[in-house]
Every structure is written in C-alpha cells, then in structure tokens.
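What follows is calculated from the coordinates using simple rules that are stated; it is not laboratory data. Treat the numbers as computed from the prediction; the structure is a model and nothing was measured. Here Cβ is always computed from backbone atoms with ideal geometry, including for glycine, and neighbour counts include all displayed protein chains.
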Amino acid sequence: MNTADIPRHIVIEGPIGVGKTSLARRLAEDYEGELLLEGAEENPFLERFYKNPRHAALPTQLFFLFQRARQMQALRQSDLFAAPLRIADFLLEKDRLFAQLNLDDDELRLYEQVYANLTLDAPRPDLVIYLQAPVAVLLERVQKRGRPFERFIESNYLQRLVEAYTRFFHYYSDSPLLIVNAAEIDLVNN
C-alpha cells in the first residue's frame with residue numbers, strides 16, 4: 001500500500017497506555033508521514049495531578065489546552081509545506097473529555113471560557129483510529145514503560161477514563177472512525 005491509498009490526516013486516540021504514540025510513530029515511519037505528538041512529558045503539572053488530582057487538575061488541563069493551541073497554530077502555518085501524510089497521537093476534542101472528567105464545576109466553567117477564547121481551528125482528520133484495551137492491560141503497559149510522572153496513576157482513574165472514551169466515541173461522527181481492540185497487539189515491539 002502506498003500513501004495514495006491511505007488517508008492524508010490520521011489521528012490515533014485512546015486512553016493512557018493503549019499504544020497511541022507507538023502506533024503513530026510506526027505509521028509515520030512506515031509511510032514517511034509527518035508526526036504530531038501530544039507531549040505529555042512536557043507538562044510540569046502532570047505528576048502532581050496523578051499524585052493528587054484535586055489540587056493539580058486545572059493547571060494540568062490548561063497546560064495541555066495551551067500546548068494544543070500552539071500545536072494547532074503551527075499546524076495551520078505548516079499546511080503550505082505539509083507532508084502528504086500527517087499522523088497525530090491526539091484528537092483536539094479529547095482535551096474537553098479530560099477536562100470534564102477531572103475538573104470540578106467551577107474549574108470546568110473557567111476552562112470552557114478559556115477554550116472558547118482560543119482559536120483552535122484544528123483540521124478534521126480523514127481517519128480516527130480509536131485503540132481500546134481493558135484497564136488491567138493499560139495499567140500493565142503504563143507500569144512497564146516506567147515514566148516517572150505516571151507512577152501514581154490508579155486503576156480507578158483509568159477505569160473512569162476508559163468509560164469516558166467509550167461514551168465519547170459512541171457519539172463521535174466528525175470523521176471516519178476505526179475501532180481497534182489493542183489488548184492483544186504489541187504496538188511497541190511488533
């Protein structure tokens with residue numbers, strides 16, 4: 001298969017530890033595509049959030065929101081010189097999914113005000129690949145990759161996240177959607 005046979009803009013989505021970045025890297029390498037990654041490790045609030053969600057949820061979400069706004073701006077500017085294939089490991093709309101899951105009502109109202117005032121104008125993906133896996137698999141993968149900021153992730157948080165993703169993609173209709181059970185797929189090594 002060559003790049004003429006696949007969509008031009010592909011987004012890989014799913015919960016923490018499911019293999020989004022691994023699959024995005026693999027596809028970008030195999031098909032010589034431009035890679036756009038989320039950059040969770042750049043968020044200085046993330047480890048504090050996993051330790052104590054109530055005390056760090058808002059700065060964590062705002063950091064991700066501003067990070068994605070910068071990425072969307074860079075994406076719009078690079079569109080003139082874009083590669084024939086662009087692969088991202090995040091969908092802009094998922095930022096709100098995390099905000100709704102993690103913020104209290106007052107924080108969510110503030111987040112929504114900030115969100116409404118940003119010009120995000122993300123290009124619509126030609127294909128969204130939604131990777132799914134059970135919480136036990138996600139937790140095992142998160143622990144195996146050993147990122148220091150993820151060592152405090154709890155299974156009940158992952159369960160809530162899996163449920164939120166399931167609800168989100170049940171109603172998602174903005175782009176063609178491919179749902180993949182990634183529980184038995186080793187996206188890192190194979």
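Of all the options ILE179, ILE16, ILE153, the one that moves most in a Gaussian network model of the chain with Cα springs shorter than 10 angstrom is ILE179. Where [x] 40, 35, 27; [y] 78, 54, 28; [z] 47, 40, 31 are the candidate values, the label of the one calculated here for Cα extents along the principal axes in Å is [z]. Each Lys and Arg contributes +1 and each Asp and Glu -1, all at the Cβ; summed about the Cα centre of the chain, the dipole is approximately 320 debye.
Other residues lying with their Cβ under 11 Å from the Cβ of ALA40 contribute a combined charge of -4, Lys and Arg counting +1, Asp and Glu -1. Remark: VAL180, VAL128 ranked as VAL180, VAL128, counting other beta-carbon atoms within 10 Å and listing the fewest first. Across the options PHE64, GLN113, PRO125, the greatest Cα extent toward the positive end of the charge dipole of region 57-136 (unit charges at beta carbon of Lys, Arg, Asp, Glu) belongs to PRO125.
Over the chain, Cα pairs under 8 Å with separation of 6+ residues give a relative contact order of 35 percent. Database remark: amide H of GLU13 closer than 5 angstrom to the amide H of ILE129, TYR130, LEU131 (H placed geometrically; neighbours at sequence offset of 5 or more, or on other chains; Pro and chain starts carry no H).
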